[in-house]
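In what follows, a structure is listed as structure tokens, so that the remarks can point back to it.
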Amino acid sequence: MNYDLALSGADAVNALRPFYFAVHPDFFYQYPREREVNENSLKRLNGYLENLQMPGFSSLKPMELTFYVRDTKDSGDLQPDLLTSGFRSVSFTLHTNDVFSTVMNVLKSCSLPVEHMQGLKARTESTKRPSEAGVPFYRTIKWDKSYYTFTGFRDPEEDLKQARRVEPTLSLWLRNNEPEAAAKHSVSLPRREELSRLKKELCNRFDLADISWQRSWGVAHRCCQLQSLSRLSQQSPEALITLQGHTVVFADQSGMNASGHVMLGTMDVHHQWTKLFQQLPSYRNLQQQTDWLKERISLLLGGTQVVHMERLGPVQPITELYSTLSLFHKNLMSWHLRLHPRSLQGLTMLLENDLSNPRLHEMGHFIIPTNCDPPKLQVFLQSHAHKARERTHTKNQLQAEEEVVVQQCLQSLSLRSLSKEPSVSSSQMIQCCKRLLEQRSPLMQGLHVCISHFYSVMQDGDLCLPWDWKS
């Protein structure tokens, strides 16, 4: 039986409510890494569900997802796989071709209740509502308060209200937490110096463009990773010669990403790293083919540049980017588009596989489905070009202003560093920095500060401050 005929988008949202409550990023504000994983996985899951509702779809590629799942029961009987922080890591693969089976897969994989699914299926089979197909997933959901009383789940709305009620002012929070941050920072200084020394030594020795990290690992963790690479360089110096000119990124898995950076999986052993180094000539050849495809696409689309923004989502392997570009280029070549060679010069676009319609991002770049109909794409680009230029101009102005106020904060407040999380916009960062300059708290002097959405003292003494802190 094809259950997809009986389960609409709105029904799927209702069915996934326990899941959304368990993985919603808002409840991981103290755990930046886990919040980022859940945000990215939710975007991919929602795209998968939306594509299942597209008319005429045949099948979707299997999609691997990882979520950190909260314990949403008010019970002392914690599951054995729960981390000490109250959540557990769950990984599973989506390979279903209907909404009902996909929802069941998600709920069962996360050990969440599925009893309500049978009643939902029976009800929707008798009253099909095709007009609700295509309703977006992952939106704000309000349940009657009796639901939480009956199920034992915590009310996320009440949790958030409580969190906001107890959120302190910036000055009070700094007074209470600056001693801890200063002490942790002092303890971390030798490790920070060792990290800087190792990074400089490896970059100079093998002519690396840079060394960076995919995640916000602690200083000690990063030191261990550099020491491991340093040991390999001493045991087999010839193995690292192929790294010359590259940026090395310590990441979840080894390979080359869409930006051409060499990723070293932090869980991999030296043998796996060495094997990757041997494959770099092939990866570089693939990177050249990728650059060629970008140039050809740009010529076909009036000068619009295909870009990849690594910080906006999960790491994309260069093999996946090449496959996406190749498919998109082949699709464009099947039509004779009439775009002036430089009519869209200076504009940029992202390609996405899990998207149904083209759209213009608020920051000025286009987001285009890989399988977009070329004539429809031409009309969309031409009709939105003026607005895209305006938004791009505004974005550039905001970024320039952001750089200025960040430098002002660094100097006026005597900070060691000032950064922000990718989810904090330029306008939010500007507003935050201007308010910090007005307050001029002496309690942040000599510390590393990251603007985020929550308060926290990190393990090495870095301060996380919400961009909209209370005064």
**Fill in**
Flagged in segment 457-471 as in contact with a helix residue (DSSP H, G or I) (Cβ under 8 Å, 6 or more places away or on another chain) and not in a loop (DSSP other than H, G, I, E, B), in numbering order, are 457, 463, 464, 465, 470
**Prompt:** Residue check: is residue 321 closer than 22 Å to residue 44 by Cα, part of a helix (DSSP H, G or I), free of Cβ contacts under 8 Å to residues at least 60 places away in the same chain and out of contact with any Leu (no Cβ under 6 Å at 6 or more places or on another chain)?
**Reply:** no
**Asked** For segment 457-468, how many residues meet the condition of being touching a residue at least 60 places away in the same chain (Cβ under 8 Å) and either open to solvent by 40 Å² or more (accessible area, probe 1.4 Å) or at positive phi (or both)?
**Response** 4
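Any chance segment 45-61 includes a residue that's open to solvent by less than 10 Å² (accessible area, probe 1.4 Å), at pLDDT 70 or above, outside the structural domain of residue 457 (by the TED database) and more than 17 Å from residue 108 (Cβ to Cβ)?
Our first condition is that a residue be open to solvent by less than 10 Å² (accessible area, probe 1.4 Å); within segment 45-61, this holds for 45, 47-49, 52.
Then drop every residue that is not at pLDDT 70 or above, which leaves 45, 47-49, 52.
With outside the structural domain of residue 457 (by the TED database) added as a condition, the list becomes 45, 47-49, 52.
Applying the additional criterion that residues be more than 17 Å from residue 108 (Cβ to Cβ) yields 47, 52.
Yes, some residue in segment 45-61 is open to solvent by less than 10 Å² (accessible area, probe 1.4 Å), at pLDDT 70 or above, outside the structural domain of residue 457 (by the TED database) and more than 17 Å from residue 108 (Cβ to Cβ).
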**Message:** Given the condition more than 22 Å from the chain's Cα centre (by Cα), surrounded by 16 or more Cβ atoms within 10 Å (Cβ to Cβ) and either at pLDDT 85 or above or charged (D, E, K, R) (or both), answer yes or no: does some residue in segment 68-75 qualify?
**Reply:** yes
**Message:** I want to confirm something. Restricting to segment 425-442 and keeping residues that are buried (at least 18 other Cβ atoms within 10 Å of the Cβ) and of a type in the set (A, V, I, L, M, F, W, C), which single residue is farthest from residue 363 (Cα to Cα)?
**Reply:** 436
**Request:** Would you mention how many residues in segment 172-216 are in contact (Cβ under 8 Å) with a residue 60 or more places away in the chain and not acidic (Asp, Glu)?
**Result:** 17
**Asked** Within segment 186-193, is even one residue open to solvent by 60 Å² or more (accessible area, probe 1.4 Å) and outside any helix (DSSP H, G or I)?
**Response** no
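With respect to residue 205, is the statement that it is in contact with a Ser or Thr (Cβ under 8 Å, 6 or more places away or on another chain), open to solvent by 50 Å² or more (accessible area, probe 1.4 Å), modelled with pLDDT of 90 or more and assigned by the TED database to the domain that holds residue 294 true?
Details: in contact with a Ser or Thr (Cβ under 8 Å, 6 or more places away or on another chain): yes; open to solvent by 50 Å² or more (accessible area, probe 1.4 Å): yes; modelled with pLDDT of 90 or more: yes; assigned by the TED database to the domain that holds residue 294: yes.
In short, yes.
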**Complete:** Flagged in segment 417-451 as of a type in the set (Lys, Arg) and either in contact (Cβ under 8 Å) with a residue 60 or more places away in the chain or in a helix (DSSP H, G or I) (or both), in numbering order, are 434, 435
**Prompt:** Can you name the number of the only condition in (1) at pLDDT below 95; (2) open to solvent by less than 40 Å² (accessible area, probe 1.4 Å); (3) out of contact with any Ser or Thr (no Cβ under 7 Å at 6 or more places or on another chain) that residue 269 fails?
**Reply:** (2)
**Asked** How about segment 358-387: which of its residues are more than 20 Å from residue 340 (Cα to Cα), open to solvent by less than 90 Å² (accessible area, probe 1.4 Å) and of a type in the set (S, T, N, Q)?
**Response** 370
**Asked** Just a yes or no: is a residue in segment 422-439 closer than 17 Å to residue 462 by Cα and of a type in the set (S, T, N, Q)?
**Response** no
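Can you go through 301, 332, 293 and tell me which one is touching a residue at least 40 places away in the same chain (Cβ under 8 Å), open to solvent by less than 80 Å² (accessible area, probe 1.4 Å), touching a helix residue (DSSP H, G or I) at 6+ places or on another chain (Cβ under 6 Å) and outside the structural domain of residue 52 (by the TED database)? Before you say what the answer is, go through the steps one by one.
Numbers: 301 fails: touching a helix residue (DSSP H, G or I) at 6+ places or on another chain (Cβ under 6 Å); 293 fails: touching a residue at least 40 places away in the same chain (Cβ under 8 Å).
After ruling out the rest, the residue left standing is 332.
The values are calculated or read from the model by the stated rules, or taken from the named source; none is laboratory data. Just so it is clear, the structure is predicted and the values come from calculations on it, not from any experiment. Positions of Cβ are generated from backbone atoms using ideal geometry, with glycine treated the same way; all protein chains shown enter the neighbour counts. Just the protein is used for accessible areas: all its heavy atoms, side chains included, with ligands, DNA and RNA removed. Shrake-Rupley method; radii C 1.70, N 1.55, O 1.52, S 1.80 Å.
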